[in-house]
Each structure stands twice: as structure tokens, then as C-alpha cells.
Amino acid sequence: MAKDNVILAYYGELPDELSGPLEQHLMTCGECKDELEILQGMEIHLATLPVAEPTPNLLAQSRMRLDDALDAIPAHGFLTRFRTNFFIWMGHVRSAPALATLLVGVGFLGGNFLNRYQVANLPVPHQGPIYTNPTQSVIANVTGIDRTPDSELVQVHYNRMVPETAEGSLDSKEIRDLLMKATTSSAEGVRANSVQLLASECKAGHECSAREDGKGVRGALLVSLRYDKDAGVRLKALEGLESFIAQDQRVRDAVLEALAHDPDAQVRMAAVSLLTPVQHDSSVRQVLRTVSTQDENPNIRTVSFNTLQGSDSIQ
């Protein structure tokens, strides 16, 4: 399923609610990550090839071969005939407006009755965030985030079938889930606000523990650091991960990857400063040596060299 989603994501056809889980899966699955890199490499190769239009003769020959192949298909079985007759019947229904209207009306009344029955038998909701327009539909996307100054109160604006707003404490699981979903929003301002709030929670020592499945607040920050296109969002993710670099190998690897490959100089400079507590680590020293001689920014080369010298003196 993840490989199929990689293909859909590459061509921009993957729904928003599946993008976040796919990015978190790519953090732990090298095979799927390789699949994405193969697709990217294929596009680069195909872009160098000329686009050839099919000739009229080729189209005519293809149609003739298709007709011959259709004629050679054996007679259909009972199930195939039943399915064909069903679609023929549906075509007759579509061609009869009165009958189609009657069927639609019956379906509408039945659905309305079923919906009222389900609403009447809904369990009493547990105490949690206050929703201004609660429904049971799937959350489509997060459209805005507002925090009350000098308090833990946060308003998260999001869309289901209609725009809605949830209000609750940053310590609320529902609010944190909405903020993590907002990290994959298509609106840069929403992503920046959500990552900043999650980072502040981690810096304050609130719920930000590591999870084996790569999910949770820390996992969301790692995804933002690796894949977000906004350098400001990646900087905020770095701030939230700072306190975990010494104890979490995945955080350390993500920061090293940012130092070695991030296109923004400010992000790379921030990554160098975060590596100071673990400058004696062998993998950290190896990346620092490479950056100190190959980075295009002279300030980053200098800072990496000085950090490397400090780690050598410790050794």
C-alpha cells in the first residue's frame, strides 16, 4: 500500500489525509524511500528524451489489432452476463427520468431516517475540546491556528464537510492531533504555526516522547525538518528537536542530514549549533569534516571546523 501511495504522491494524486502517514512511513522504510528516488530519477531521464507523436498508420493498425483481439474473446460466463445486464438496466434507469427520480427520493428518505436514528443513539461525548460545529465527518485540512497570549488556550480552525473550530488546551490529545495534522497543510502559515506550537511544547518538556512507529509530536517535527519546503518551518522544527539530539539517534541523524543537504544556509547553521553537545560522536565528526571543506557558505565551513576542533580536543 505504501508503494502505491508513493506513486500517487509523486504524481500529486494522494489525498491530504494520507500524505502525513506516508511521510512518516518513509522515515523508517528504506525500500519505499528508494522507490521514490527511483521515480525521481526516472523523471530526470525521461525529460531528456524527445516526445514522439504516434503516426496515423500506427493508430489505424492498433485499432485493427484491438478489434481482432476483441473478436477472439470467448463467450462470457453467467456472472459476466449478469453484470452486463445490470449495467444495461442502469442505463435504462438513467434514460427514464421519472423512475430515476423515484429511486433517488426513496434513497434520500431512507438515508435521512437512518441518519436520525444514528444521531438519536449516539453515546454521550467525553470531555474534551469545544467544537463550534461538531460533525462525524473526516477532517479535510487545517486552515488556521490562534493562541491566546500568555495561556495554554489554542484555537485550531479546520475543515470537515464545513469549516469548523476546535478550542482546547495544548495538553489536550485532540488539539495535539489537529496540530500534527496541520504540519502537512498546504498553507505555509498554518504549517509554520503548528510546528512552532509543537516545538514550544517539546522545549517546555510536555508530551514529546519518541514512539517506535515514528508518529507523535517528535515524529511530526522530524517529518517537517526533512520534507517541508519552507525553510522557516524547518528552523522551527530544529528548535523543537534540540533537547533530544543527545538521546535520540533518529533526531541526530535528521539534524546531520539537514547540515549536509539542506538548501538553506540558516538551517544548516542552526544544525551545526545543535550538534555541539554531541560533537564527540564519530558520525557527527565525519559530517563536520565534510561540511568544513565542501559547504558553499564560508561561515558554515568555519563554524563546522571550529566545532570539529572542539570535538578533537575532547578526544
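The set of residues from segment 165-190 being farther than 17 Å from LYS236 by Cβ and in contact with a Ser or Thr (Cβ under 6 Å, 6 or more places away or on another chain) comprises just one member, THR165. Restricting to segment 207-230, what's the tally of residues that are under 17 Å from VAL251 (Cβ atoms) and either β-branched (Val, Ile, Thr) or not in a helix (DSSP H, G or I) (or both)? Summing the residues that are under 17 Å from VAL251 (Cβ atoms) and either β-branched (Val, Ile, Thr) or not in a helix (DSSP H, G or I) (or both) in segment 207-230 gives 12. Hey, any hits in segment 208-222 for a residue that's over 16 Å from the mean Cα position of the chain (by Cα), open to solvent by less than 20 Å² (accessible area, probe 1.4 Å) and either closer than 24 Å to LEU22 by Cα or hydroxyl-bearing (Ser, Thr, Tyr) (or both)? Yes, segment 208-222 contains at least one residue that is over 16 Å from the mean Cα position of the chain (by Cα), open to solvent by less than 20 Å² (accessible area, probe 1.4 Å) and either closer than 24 Å to LEU22 by Cα or hydroxyl-bearing (Ser, Thr, Tyr) (or both). Apart from one condition, VAL142 fits all of (1) in a strand (DSSP E or B); (2) open to solvent by 40 Å² or more (accessible area, probe 1.4 Å); the exception is (2).
Condition check ((1) out of contact with any helix residue (DSSP H, G or I) (no Cβ under 7 Å at 6 or more places or on another chain); (2) open to solvent by less than 70 Å² (accessible area, probe 1.4 Å); (3) over 21 Å from ASP228 (Cα atoms)) across all residues:
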{"position": "HIS261", "(1), (2), (3)": "yes, no, no"}
{"position": "ALA265", "(1), (2), (3)": "no, yes, no"}
{"position": "ALA271", "(1), (2), (3)": "no, yes, no"}
{"position": "GLN279", "(1), (2), (3)": "no, yes, yes"}
{"position": "SER283", "(1), (2), (3)": "no, yes, yes"}
{"position": "VAL287", "(1), (2), (3)": "no, yes, yes"}
{"position": "SER304", "(1), (2), (3)": "no, yes, yes"}
{"position": "LEU308", "(1), (2), (3)": "no, yes, yes"}
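Restricting LEU238, LEU256, LEU221, LEU198 to residues that are touching a residue at least 40 places away in the same chain (Cβ under 8 Å) and either over 20 Å from LEU170 (Cα atoms) or not acidic (Asp, Glu) (or both) narrows the list to LEU198.
If we scan segment 41-56, do we find a residue that is assigned to a helix (DSSP H, G or I) and polar (S, T, N, Q)? No.
Scanning segment 22-65 for residues that are out of contact with any Phe, Trp or Tyr (no Cβ under 9 Å at 6 or more places or on another chain), over 30 Å from VAL251 (Cα atoms), of a type outside the set (S, T, N, Q) and open to solvent by 100 Å² or more (accessible area, probe 1.4 Å) turns up ILE44, HIS45, PRO50, VAL51, GLU53, PRO56, ARG63, MET64, ARG65. Only one of the listed residues (LYS173, LYS229) is among the basic types (Lys, Arg), open to solvent by 10 Å² or more (accessible area, probe 1.4 Å) and under 19 Å from ASP16 (Cα atoms). That residue is LYS229.
The values are calculated or read from the model by the stated rules, or taken from the named source; none is laboratory data. Computed from a predicted structure; not experimentally measured. Backbone-built Cβ (ideal geometry, glycine too); neighbour counts: all protein chains shown. For the accessible areas, the whole protein counts, side chains as well, though only heavy atoms, and no ligand, DNA or RNA atoms are used. Shrake-Rupley method; radii C 1.70, N 1.55, O 1.52, S 1.80 Å.
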